[in-house]
Amino acid sequence: MNDKVLHTLEFDKITGFLADKCTSEAAKQRALALRPFERIEEVERAQEETAEALELIFARGSLGFRGLKDVRPSVKRSQSGGVLTASELMHIASLLELSGRVRNYPGESEALLKLLRDRFFCLEALPSLSGEIRRVIQDENEIADSASPALASIRRKMKSRAESIHSTLQSLIRGSLKDYLMDAVITMRDNRYCIPVRAEHKSNVPGMVHDMSSTGSTLFIEPQAIVNLNNEIRELERAEEEEIQRILMALSAKVAECAEVCLADEEILKELDFIFARAELALDMDAMRPVFNTGGIINLRGARHPLLDRKTAVPIDLHLGDEFDLLIVTGPNTGGKTVALKTVGLLELMGLSGLHIPAKDLSELSFFREIYADIGDEQSIEQSLSTFSSHMKNVVEILKQANIMSLCLFDELGAGTDPTEGAALAEAIVSYLHQRSIRTIATTHYAELKEYALTTNWVENACLEFDPVTLSPTYRILVGVPGKSNAFAISSRLGLPDRIIENAEKLMAEEDQRLEKLMDNLEESRLFLEQEKQALSEKREELEKREQKLSGTEKNLEESKEKILAGARAEAKELLEEAKATADETIRRMQRFADTDTLRAAEEARSRVRESLKRTYPENGKGDISVFETAPAAGGLDPKTVKKGDSVRVLSLNLKGTVNSVPDAKGYLFVQCGIINNKVHVSDLAPDSSSPAQAARTSARGLSHASTISPELMLIGKRQDEAISELESYLDDAYMSHISPVRIVHGKGTGALRDAVRKYLKKCRYVKSFRAGEFGEGDAGVTIVDFK
């Protein structure tokens with residue numbers, strides 16, 4: 001890619017923003033040197049890396065690279081036998097610790113790793129080496145006493161000698177020398193302990209003079225009594241320095257043994273630093289991954305210029321190469337033509353460099369080997385080039401080099417000279433490019449180019465919308481509509497007298513007037529259609545709201561109906577259960593005191609009552625009274641499966657018993673309940689679920705199901721309706737399996753999926769609470785849910 005277009009489209013500012021996102025100096029330099037790739041495979045790979053890093057940021061939060069320094073010189077010096085400083089060793093320890101932290105960064109989101117998987121998994125933390133360095137070195141200027149037994153011994157001796165010196169000097173200051181001192185203090189001169197003595201008393205204080213004050217009135221003397229102690233400290237200091245060098249040499253040797261790992265870790269971390277900087281830039285710009293093609297098709301949806309404030313920038317929709325390969329853009333000055341031109345070119349450069357672009361999802365870019373742009377005034381006094389000459393020089397170079405794999409951008413093509421000649425020249429240039437199928441976008445004020453676009457296949461007009469009410473541009477691009485310069489309207493708005501404007505309109509050629517009138521009519525028709533479209537859209541939204549409201553009302557009515565029916569069923573069930581309990585109690589009393597004939601008569605009476613209940617509440621096909629539909633699986637056994645000795649439950653008596661006989665032709669059999677042998681129908685029996693075998697089977701099924709439920713649900717990449725359906729099913733399973741809390745991973749993105757998830761959680765009856773993830777849990781990209 002030529003450097004001129006990078007400067008013209010201000011790509012260097014984008015790389016500057018990217019460099020600010022990098023931590024290491026190597027990554028910053030790589031960002032500043034970023035250029036579009038030369039092969040489509042390289043572009044796609046870089047885009048995939050950026051997208052993968054962005055997904056990880058959504059799921060796990062930002063990944064910092066603090067502590068990443070260039071340790072290559074230090075590591076290589078250790079390989080050649082050199083001794084590293086404490087500062088260099090600290091940097092190596094920081095590198096290894098960072099490697100461990102980055103290696104563990106994906107955590108439970110490892111499934112998102114594809115292209116970045118090898119980079120993360122190839123990192124080695126070497127905790128033994130980094131831990132040893134941290135144990136030995138407290139900071140860049142201090143070696144720990146515990147670094148070696150010898151060093152600890154030396155420093156104990158040094159401390160002991162220093163204490164002896166202080167004790168001796170204190171006794172001298174308070175005793176025999178106090179009258180000869182300038183101040184009763186202990187000071188250091190030439191790294192030896194001294195006391196300040198008045199110059200006139202020098203002979204009264206035996207010792208070595210190390211310094212004097214600027215006035216000469218004070219001498220700093222090392223008393224003879226501590227000379228030997230000071231000498232011992234100097235010897236211990238030399239021994240300390242030798243021991244420290246020995247310790248650093250040992251650590252340097254260990255670094256040399258792991259040199260290859262350290263160098264590999266640094267290279268991987270620098271690559272990841274650069275890749276995640278691209279993702280962080282995309283996050284700041286609210287950028288999306290573009291779809292690339294090799295067919296010369298550009299389709300930008302909601303594209304914004306990345307150097308403009310996204311709160312005020314007007315997004316544009318623009319396409320090229322699908323229905324036409326040449327786009328003529330017209331419109332008023334300051335209407336946004338140049339910004340639109342630069343937006344297309346700069347987004348192409350960003351996409352080809354592996355960066356996401358500030359546009360809506362599924363925006364499409366084409367792989368171009370070269371982009372050429374003639375934008376701005378490049379008038380040069382030194383080279384004797386006028387505005388027209390400088391532009392024409394650029395155009396000549398572009399026409400020499402452009403081919404079908406190029407994108408050409410021209411701003412005010414043919415301007416700066418006689419309008420008639422300029423228009424003819426501009427039309428000839430775009431016609432030449434069109435004949436060679438070179439994708440081209442050109443801005444102009446020339447009516448001749450608008451007519452050329454109207455009458456030529458695969459050439460299209462576009463304009464920057466102009467509001468006729470406010471007489472100001474809206475900065476929206478309208479493809480398929482020729483634009484007007486609106487010079488008269490703008491001049492009138494700026495205060496030019498009406499009579500001058502009217503005279504100017506009369507001076508226009510009749511043909512130009514017809515064209516202007518035609519364009520006015522087209523603009524009026526377009527505005528009318530826009531208004532109609534807006535009205536239809538508003539009506540549609542209103543109808544959708546009404547439909548939703550009616551649907552909600554219908555749902556509420558259905559819920560109210562169900563509540564009323566459920567209440568009635570519950571009340572009826574309660575009444576019947578009371579009656580049944582009374583009857584059962586009566587039978588139990590009779591079983592104690594009555595004879596067999598009496599019991600048989602009572603049982604027949606009870607059966608008649610049950611038949612009466614069945615006539616009142618029809619059966620639901622399973623042998624159950626419909627009012628007991630809440631437990632449809634409770635009753636009814638298959639006569640073929642009932643065997644003697646089976647444990648069953650008699651529903652009407654609410655008693656457990658043992659089958660004494662097989663069912664007869666009508667389905668009746670005898671069940672022993674305590675001391676009473678009851679004749680009952682198989683429809684009045686249910687399996688005894690409390691039997692050990694049945695309980696074991698039930699427990700096994702529950703445990704088996706719980707073991708398959710994950711404490712995390714991944715929803716990234718799913719549509720809202722699909723995600724909510726999956727969330728509903730997952731929460732049911734997790735709640736039934738007693739798994740709490742659970743982690744819902746929805747990513748950050750636009751926040752729509754996160755809001756939908758939390759809206760559902762508010763309505764879920766068995767959710768106790770939920771919150772956003774904290775640092776290390778995924779930040780705002782996840783929601784933590786606790787059940788009741």
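At-a-glance table
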{"item": "Pairs with Cβ under 9 Å, 6+ apart, first in the range 129-150 and within 12 Å of Ser87 (Cβ to Cβ), second of a type in the set (Ser, Thr, Tyr) and outside any helix (DSSP H, G or I)", "result": "Glu140/Thr85"}
{"item": "Condition met for Val329 (over 23 Å from Glu42 (Cβ atoms) and open to solvent by 10 Å² or more (accessible area, probe 1.4 Å))", "result": "no"}
{"item": "Identity of the residue in the range 205-228, under 16 Å from Gly175 (Cα atoms) and assigned to a loop (DSSP other than H, G, I, E, B), that ends up least open to solvent (accessible area, probe 1.4 Å)", "result": "Val205"}
{"item": "Cβ pairs under 9 Å, 6+ apart, first in the range 708-727 and farther than 12 Å from Val745 by Cβ, second exposed (fewer than 13 other Cβ atoms within 10 Å of the Cβ) and not basic (Lys, Arg)", "result": "Gln720/Ala752"}
{"item": "Index of the failed condition, Asp411 passing every other in (1) surrounded by 18 or more Cβ atoms within 10 Å (Cβ to Cβ); (2) within 20 Å of Ile316 (Cβ to Cβ); (3) at pLDDT below 80", "result": "(3)"}
{"item": "Test for Tyr193: is it under 27 Å from Arg238 (Cα atoms) and either open to solvent by less than 70 Å² (accessible area, probe 1.4 Å) or not hydroxyl-bearing (Ser, Thr, Tyr) (or both)", "result": "yes"}
{"item": "Residues that are in contact with a Phe, Trp or Tyr (Cβ under 6 Å, 6 or more places away or on another chain) and open to solvent by 40 Å² or more (accessible area, probe 1.4 Å), drawn from the range 249-301", "result": "Thr294"}
{"item": "Scope the range 5-16; condition of a type outside the set (Ser, Thr, Tyr) and either in contact with a Lys or Arg (Cβ under 9 Å, 6 or more places away or on another chain) or open to solvent by 90 Å² or more (accessible area, probe 1.4 Å) (or both); matching residues", "result": "Leu6, His7, Leu9, Glu10, Phe11, Lys13"}
{"item": "Helices (runs of 4 or more DSSP H) wholly inside the range 78-188 that include at least 2 residues being in contact with a Ser or Thr (Cβ under 7 Å, 6 or more places away or on another chain)", "result": "86-103"}
{"item": "Scan of the range 84-104 for residues that are of a type outside the set (Gly, Ala, Ser) and buried (at least 18 other Cβ atoms within 10 Å of the Cβ), ordered by number", "result": "Leu84, Glu88, Leu89, Met90, His91, Ile92, Leu95, Leu96, Glu97, Leu98, Val102"}
{"item": "Single match in Tyr766, Tyr730 (criterion: open to solvent by less than 80 Å² (accessible area, probe 1.4 Å) and at pLDDT 85 or above)", "result": "Tyr730"}
{"item": "Qualifying position, being without any contact (Cβ under 8 Å) to a residue 12 or more places away in the chain and open to solvent by 50 Å² or more (accessible area, probe 1.4 Å), among Glu200, Glu237", "result": "Glu200"}
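Okay, residues lined up against (1) surrounded by 13 or more Cβ atoms within 10 Å (Cβ to Cβ); (2) within 24 Å of Phe58 (Cα to Cα); (3) of a type in the set (Phe, Trp, Tyr):
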{"site": "Ser109", "(1), (2), (3)": "yes, yes, no"}
{"site": "Lys114", "(1), (2), (3)": "no, yes, no"}
{"site": "Ala125", "(1), (2), (3)": "yes, no, no"}
{"site": "Leu129", "(1), (2), (3)": "yes, no, no"}
{"site": "Ala147", "(1), (2), (3)": "yes, no, no"}
{"site": "Leu151", "(1), (2), (3)": "yes, no, no"}
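The values are calculated or read from the model by the stated rules, or taken from the named source; none is laboratory data. Keep in mind that what you see is a predicted model, and the values were worked out from it rather than measured. Positions of Cβ are generated from backbone atoms using ideal geometry, with glycine treated the same way; all protein chains shown enter the neighbour counts. Note: areas computed on protein heavy atoms with side chains; ligands, DNA, RNA excluded. Shrake-Rupley method; radii C 1.70, N 1.55, O 1.52, S 1.80 Å.
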